[in-house]
Structure formats: structure tokens, C-alpha cells
């Protein structure tokens, strides 16, 4: 039997038996295995739990929009029109006396004027005092003599006044320096010339370059004045003043305006036909104003029209295709023109060219 036992061979464990035997013999390894198993099981559980949860939508904060800083808008004080360069808004205002007899038509430079005052100068013949700031016409004229009421109207804009002589009282006023800077052609002849295609006295012309140089030589660099209040266009849905007639003096000088809805402006007609600038074409202001003023005649250096520019009176404002009946007011000879509503508030004008026609008390414009 002993020999039989000696012939028995010991069989070594294999597969799971060998692993089981290993961990049975090595207790530390067994604990490590248990820990690894626990970690894996926990990880599987967490993954399964997350998989079961509903999808969470994460609110994202919109990206901040960087707004481009808007440049402040710049407006010319004379007309309220927007300009690109601040220097333009600081230009001095230049006033030019322009003739309106049939021999002077068509005039040059009127379409580019910012504000134009129009009334009788003598014998029913009208003249204009045209005010410029942002625009610089290449030709202005014919330039004629000045009268006191033009000096007073223009003085509200602290201008330099271009003219060829004038009535005695007007010259005393403008030469005093209290109503602006005098640019009389009699003393500044190189800044003016006589055109060869017209005869005297209807042929004196100037331009912006000549006047600017003359103004600079007199030490003027800007004009200080209170601008008239301005506003953006607000076209009426149902215009009530599309054709306007202004009885100034006679057929040659009476004014008609025809409203143009597309441009929200008024095509100007005079003497039965379109009033056109010789170089620029149809004159078409954004605003037309009619003032009723006292007009009389008195002797100065001859019999002259006497027109009151101060006080109050009836006014008719045409803009946006509509008419408003207002009250004009100028407390002092150098006050700016105010157009007051029933509550005494100054009514703003549309931006752009403004044409102001003064007619005698008792006359009334008509419209339809």
C-alpha cells in the first residue's frame, strides 16, 4: 500500500480553481479585488442613474451685443439742416441783397440760400435779402442796394451784409456796426464784379469765395444768434394747402407755391411762371411763411417804403402740406422772428430753406 501511495501524483488547480486558490492563500489581494469590484459597480450604477435622468436644457446667456457709439448729429443753426462737419455749423452767416426786377431774372444763388426775406423795396418792386451759412454758391446776384427793414430782419442772425449802397438810413444803420458787418461794394470793390451779359445796374455779382475772404479780412469767424426752432418733416396725410397764392403787389411780383408731396416742399412761382435759379433750377423751399406788416411811405433821401419789423402781427405758416395761422413777434429790431401759436409757444419749422414774404396789413394769402 505504501508503494501505491507513492505512485499517486498531486494535480495542480487550474482556471477559477487556481484564481480562487490564489486569493484564498493571499488575503490582501482578496480585499483589493473586493474594492475594485465595488468601485466598478458604483460607477455602473451612477452611469445608469444619469442615463435615466431627463435631458436638462442649460440656459445660455446671450452674447453681449456691442453697440457702436453713435456720433452726435450736427445741425446748421441757420436752417436746422444736418451737416457732416462741425466747422460748417460754425460758419459766419452772410446776408446778400438780391434784386428782383424783371431785368434781374433769373437770379443766381437764391436756391442755396438758407433763409430768404422778401418784400417791396420801391414802387411795388420786391427785393430779397438772402442768408447763407452751410451752402456756398459759386455765383450770387445781381446784388443791389439795401433798405432799413432788410437790415433789421438780417441783424437777428449776426451777419455780414453784402450790398451795393442803400438808402441813407440803411447805410447809417449798417455802418454803425450794430447790425452786422458792412460789406458794401462801394468800399470793397475787388470782391464784386460786373457781368458782361447784363447791363447796369442789374449786373453786379459776387460769390462765396470772395465774400468769405472779405469777411475773414474784417475779423469775422462766426455768427452768434438764437436759431429758430426746427423739426423733422411730418407730412400731413391729408394736405390742406397744396396751392398757395400770395398777393404781394402786382402780377409780376405776386407769388404762387405748389406743394410737392414727394419732397415735402413748395415749388415757387412768380409772375405767372416758375421761379428758377439760373444755375440750380427750380426754387423749392421746405417752408413758406407770410407776414402781415404795416407798410407806408415817408421821405428820407427820397420817398421810401417804411416797413415795421418789430411788434406783432398775423402770420401764415405753410409746411408739410398744411397751413397754420399764427402770430409773428419781434420785440426788438435785432430779435429773431418768432411764430407763436394760440398758447404763445414758438412753433418749430421744418429743416431746410425757409422763404419769408412780408405783405401789407389787410392782404391775405389764399390756399386750397
Considering only residues of region 174-206 that are more than 18 Å from residue 109 (Cα to Cα) and within 33 Å of the chain's Cα centre (by Cα), which is surrounded by the fewest Cβ atoms within 10 Å (Cβ to Cβ)? 177
If you take the residues in region 261-278 that are within 25 Å of residue 121 (Cα to Cα) and under 25 Å from the mean Cα position of the chain (by Cα), which one is surrounded by the most Cβ atoms within 10 Å (Cβ to Cβ)? 266
Please enumerate the residues belonging to region 229-243 that are under 20 Å from the mean Cα position of the chain (by Cα) and in a loop (DSSP other than H, G, I, E, B). 229, 232, 233, 234, 235, 236
Identify, from the list 246, 258, the residue that is over 20 Å from the mean Cα position of the chain (by Cα), crowded, with 20+ Cβ neighbours inside 10 Å and modelled with pLDDT of 95 or more. 246
Would a scan of region 190-209 turn up a residue that is within 26 Å of residue 333 (Cα to Cα) and either in a loop (DSSP other than H, G, I, E, B) or modelled with pLDDT of 95 or more (or both)? no
With respect to residue 125, is the statement that it is surrounded by fewer than 23 Cβ atoms within 10 Å (Cβ to Cβ), outside the structural domain of residue 247 (by TED's automatic domain parsing), modelled with pLDDT of 95 or more and closer than 21 Å to residue 290 by Cβ true? yes
Is it the case, given these coordinates, that residue 98 is in a strand (DSSP E or B) and in contact (Cβ under 8 Å) with a residue 24 or more places away in the chain? yes
Give the residues of region 128-141 that are crowded, with 22+ Cβ neighbours inside 10 Å and either part of a loop (DSSP other than H, G, I, E, B) or not assigned by TED's automatic domain parsing to the domain that holds residue 164 (or both), sorted by residue number. 133, 137
Filtering region 328-368 down to residues that are more than 19 Å from the chain's Cα centre (by Cα), assigned to a strand (DSSP E or B) and surrounded by fewer than 16 Cβ atoms within 10 Å (Cβ to Cβ) yields 340, 366
Quick check on this structure: which one of 294, 285, 333 is at pLDDT below 95 and within 26 Å of residue 227 (Cα to Cα)? 333
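The values are calculated or read from the model by the stated rules, or taken from the named source; none is laboratory data. Because the structure is predicted, anything quoted here is derived from the model rather than measured. A quick note on method: Cβ atoms are made from the backbone with ideal geometry, for glycine too, and the neighbour counts reach across all protein chains shown.
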